[in-house]
């Protein structure tokens, strides 16, 4: 137990430490050599002996477990030439993976010293020399990106990825290149989806093809709409007809064949009918009588038939309706083609364009857009061959459809590809304008670049700073930027989890799907407002406005809001404003039957402050809600009791007080004065020691830590923008972005623009490993 | 290889969550076909399925009090009464690689990951994911050619849609049971309708139209394979690796198309006129049963012989309103010996077992060769965590149902020596699938007590 206590304390120190580090690191990156001298003196006096005592057993004195020795090289500069391993060291110390459990453990103070020193050494390592921009792996489109790309490329919005398997996520997002894997199941679904999409987009045959249909007994109906009882036989006054569905208003040729039977030579009068027209009366003579008429007939079900006059018949004359024949349509108007079809077939073969040329141009254009870069001739040739092969047995549209299907299954379409070949000597290259357009559009739209981005890339202008900034502005104003809300905000703030929360409806009868969706919509609208109006990101912590519809207003106890439409309302005099006290966040951090101060505290630490608490060790159960405890006080009193357990207290003292300050909100975020019969104590403490009371106090205290919050947010947004985990070498970028934000009222556009302008976003390392030639930070040679 | 199946009853799988009437299922395979298959097949093929049940169990109600063949079913397993003679309760097995081994917290991620791989996942939230090939995929890569689908992967868990998964592990470890190789997970299908399509086609095409479509698809894939090869030469090493996944996937589909085309020619294509299930049922239990129905059907019709089915990922915090459990499974599982919570978990344990019983009864009722479909199968139900309160990975709750084509003596509780690797069992299963291997995952040898 003693050992456990020490180790738990360590965690606590590290938590406190990483907070101060984040805040302090902004001012650290100057005067690299001075820093190195400082590192050196600390190393000699303090750190090296600690390493020797706790680490050399495996990582020193000739041993280099995991290929890492902590006494490598003649000078400190040599020792620090391996930032990757030092970063791993930092993480392992921070996450208490090292030293291993069964080895001697440093005291909390010693641990603190080592972590501080390694962190500062990392600062030095990452701020000197050329910055490593990192490397994004071959990036498969995820489900949302696939749906949007198909929508923008083909022009059909059928969300074909709805049946794809869920994309696995990493670093909290589902667009991480290294995690997005490919499987036969998925490849098969891509194939089926491509077919489904193009079936929907392209009309390959006229629905109005000319047909000849002949009706004979027993097809006929009588006047009353019932099947004819007498087959072809017609009596005086009777009628026989068929109903025919005419596909389109056009001309049809109708042929009636009647047979006059019986004695005598008097004629019989017959009326013929076709749709709304009574084309003709025919005088029947004995034997076969045929009438052929070309008539304009409206679309839809129309009767075609014949009737006999009521005049008494002389002798025993009868008539038989031998057949009715319908042929058509003739001169049908061209079918209405969907826009998607017109967009793909922007050119038709004809007098001046051969079929092959038309197919080539169609394929070339489609491929260029699908591949997000100009299509190479050799590629187009391959697709054209497929067209030619199919054309022998299919019409033009069908034959074009097949190569387009192949394009939608091509790795050039399914993956975002950044090739490695042309790197400069440092192993780092700037992305070309097409690659940049692609990164940009998947960042802001979760979709492919539009024509304007392609045009700017073709002209080689996109990378110019002012052009890029204009484009970012334009793209954020475009409705497609809703993807940033759904995908980034949905995952950063975990709004997507609302779909799965399942509050106990006996305890919370007001909860239903309408409320669930209203909760989510409120925060989406807040996010969209901050983006569109370029407001301060600190409004995520507190805003003096919010958005409610009738349902949510009732939930909040806000008067005078009716209807399903959301409207902007002031939060003055309410505890709302910002995400932390929104029903959405308060609900998704609650349990089905009660609030969870622990989850709420952890959520604020992770999503807002960027300092997630370590997960509970396995032997420590989550909060024990025993019946005995329930009777004995508020949730706070019960939780405090559990903080007495030293295994728990060390982390829970960090998480719980933040959650306690929100105890005036029940598990659905409804305001309550008391927890059952008990008073609520909303005093809170941040991990750095700041004290406050209630939700307003929490928000105010957080807003004293704006730069830290900006860093945390930047870290999340950079992860999402790049589709890779943030690494130690991204640290200078994050600090720089946050600093820029602090100089501009933390406006959202600064964060986006600075990320778009950063090396990690604009460049790419050609080697997988950062230790590969020349990409590790170089020693500044002058000072040698 | 003769495979005769004629499933052409529109009445089958009617509507959402249809419960298959068993006699009908049986009737769908004409007697002549059954006879033919028995005649030309001296040995009926052996099937193998792995079912993952998350978050361990309350062992005190799960473990039989006596071992051997004369044991009383414990309370949690009582729903299995009717099929007791068809399975073995296995205790004492362990998954050592689900333990932390210096990697800190993350037992749930490691449990899902290790269950079929016996491997220790590399701790990463995304970069350089590394685990190991899973037993089902390992077998599918060796004998999967015998059936149209080498294997099927099913799940009833949509996975986490936002935020981080378990303690610094990418969600890939927690959501996937099956791994093609060290780095490539195999995602599972969640929608019964799509599973059905995969097994029997969408059923809306005439045989001629179907053949034409297969031919078209083949020409598309030829081109795609070509293009992928070209692209590969222009990429860096690590990206090539990523693209290899795609190449393999494309080749896989091509093979399957060839197979379908050949069947079409020989007139053996399935008559896909069955009414397909309609999407994911709202109720969890219905969803599970529909998946079990499809699994039985896939085996019965020999569409595949290998399956993996994740009921829910380990660490799942699903609640069960249909049985009156409103708190989440994971939270309950840290019960701290509190009776109310333990009772809730027992209810969940029984819930999962009752659906498993439904599946086994169905498998046992389908006649095949000289016995039942279950007799020719090996169904493993288990978890890689035993006591979720303490995250222990030894003494796992495991059931091995079916006789594996007559090799196993069932109806017993088999107690294994403490910490016997679960992967040892996998070696025995591979034997029955006709794959001779002396090492898988962290195996140390075969189990020698499966035959009495």
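The values are calculated or read from the model by the stated rules, or taken from the named source; none is laboratory data. As the structure is a computational prediction, the values presented were derived from the model and not from experiment. In this analysis, Cβ positions are derived from the backbone assuming ideal geometry, glycine residues included, and neighbour counts consider all displayed protein chains.
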Answer from B:365, B:377, B:354 - the residue that is touching a residue at least 60 places away in the same chain (Cβ under 8 Å) and surrounded by 23 or more Cβ atoms within 10 Å (Cβ to Cβ): B:377
Taking segment A:636-676, which residues are outside any loop (DSSP other than H, G, I, E, B), touching a helix residue (DSSP H, G or I) at 6+ places or on another chain (Cβ under 7 Å) and modelled with pLDDT of 90 or more? A:658, A:659, A:660, A:665
When you go through B:23, B:64, B:75 one by one, which is the residue that is at pLDDT below 95 and either over 24 Å from the mean Cα position of the chain (by Cα) or loosely packed, with under 15 Cβ neighbours inside 10 Å (or both)? B:23
Members of segment A:713-739 found to be assigned to a helix (DSSP H, G or I), modelled with pLDDT of 95 or more and within 22 Å of residue A:169 (Cβ to Cβ), listed by number: A:713, A:714, A:715, A:716, A:717, A:718, A:719, A:720, A:721, A:722
Just one of (1) buried (at least 18 other Cβ atoms within 10 Å of the Cβ); (2) within 10 Å of another protein chain (Cβ to nearest Cβ); (3) within 22 Å of residue B:250 (Cα to Cα) trips up residue A:385, so point out which. (1)
Failed condition for residue A:91, given (1) within 14 Å of another protein chain (Cβ to nearest Cβ); (2) crowded, with 19+ Cβ neighbours inside 10 Å; (3) assigned to a helix (DSSP H, G or I); (4) at pLDDT below 90, with all others met? (2)
Looking only at segment A:238-250, filter to residues that are surrounded by 15 or more Cβ atoms within 10 Å (Cβ to Cβ) and part of a strand (DSSP E or B); which one of those is modelled with the lowest pLDDT? A:239
Among the residues of segment A:393-407, are any within 13 Å of another protein chain (Cβ to nearest Cβ) and outside any helix (DSSP H, G or I)? yes
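From the list B:234, B:230, which residue is at pLDDT 90 or above and either part of a loop (DSSP other than H, G, I, E, B) or more than 7 Å from chain A (Cβ to nearest Cβ) (or both)?
Only one candidate qualifies: B:230.
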Could you grab me the full set of residues in segment A:64-88 that are without any contact (Cβ under 8 Å) to a residue 60 or more places away in the chain and within 14 Å of another protein chain (Cβ to nearest Cβ)? A:65, A:66, A:88
Subset of segment B:95-128 that is part of a loop (DSSP other than H, G, I, E, B), closer than 28 Å to residue B:238 by Cα and at pLDDT 95 or above - its residue that is farthest from the other protein chains (Cβ to nearest Cβ): B:118
Kindly provide the set of residues from segment A:163-183 that are facing chain B (nearest Cβ under 7 Å) and surrounded by 22 or more Cβ atoms within 10 Å (Cβ to Cβ), ordered by number. A:165, A:168, A:169, A:170, A:171, A:172, A:176, A:178, A:179, A:181, A:182, A:183
So, in segment B:211-221, of the ones that are touching a residue at least 12 places away in the same chain (Cβ under 8 Å) and within 9 Å of another protein chain (Cβ to nearest Cβ), which residue ends up nearest to residue A:407 (Cα to Cα)? B:221
Looking at A:547, A:488, which is the one that is in contact with a strand residue (DSSP E or B) (Cβ under 7 Å, 6 or more places away or on another chain) and either away from chain B (no Cβ under 14 Å) or assigned to a helix (DSSP H, G or I) (or both)? A:547
Any residue in segment B:187-210 that is facing chain A (nearest Cβ under 9 Å), closer than 22 Å to residue A:138 by Cβ and either modelled with pLDDT of 90 or more or not in a helix (DSSP H, G or I) (or both)? yes
Quick test for you: out of B:392, B:409, pick the one residue that is modelled with pLDDT of 95 or more, out of contact with any strand residue (DSSP E or B) (no Cβ under 7 Å at 6 or more places or on another chain) and outside any strand (DSSP E or B). B:409
Scanning for something touching a residue at least 40 places away in the same chain (Cβ under 8 Å), closer than 19 Å to residue B:295 by Cα and in a loop (DSSP other than H, G, I, E, B), does segment B:427-434 turn up at least one residue? yes
For the structure I just gave you, tell me whether residue A:305 is more than 27 Å from residue A:389 (Cα to Cα), at pLDDT below 85, touching a strand residue (DSSP E or B) at 6+ places or on another chain (Cβ under 8 Å) and surrounded by 11 or more Cβ atoms within 10 Å (Cβ to Cβ). no
When you look at residue A:155, is it out of contact with any strand residue (DSSP E or B) (no Cβ under 7 Å at 6 or more places or on another chain), at the interface with chain B (Cβ under 9 Å from one of its Cβ atoms) and in contact (Cβ under 8 Å) with a residue 24 or more places away in the chain, yes or no? no
Checking the structure you have, find out if any residue of segment B:283-298 is within 14 Å of chain A (Cβ to nearest Cβ) and at pLDDT below 90. no
Quick check on segment B:140-177: of everything there that is touching a residue at least 24 places away in the same chain (Cβ under 8 Å), assigned to a helix (DSSP H, G or I) and crowded, with 24+ Cβ neighbours inside 10 Å, which residue is nearest to the other protein chains (Cβ to nearest Cβ)? B:172
Restricting attention to segment A:123-138, does a residue exist that is within 11 Å of chain B (Cβ to nearest Cβ), more than 19 Å from residue A:82 (Cβ to Cβ), modelled with pLDDT under 95 and touching a strand residue (DSSP E or B) at 6+ places or on another chain (Cβ under 6 Å)? yes
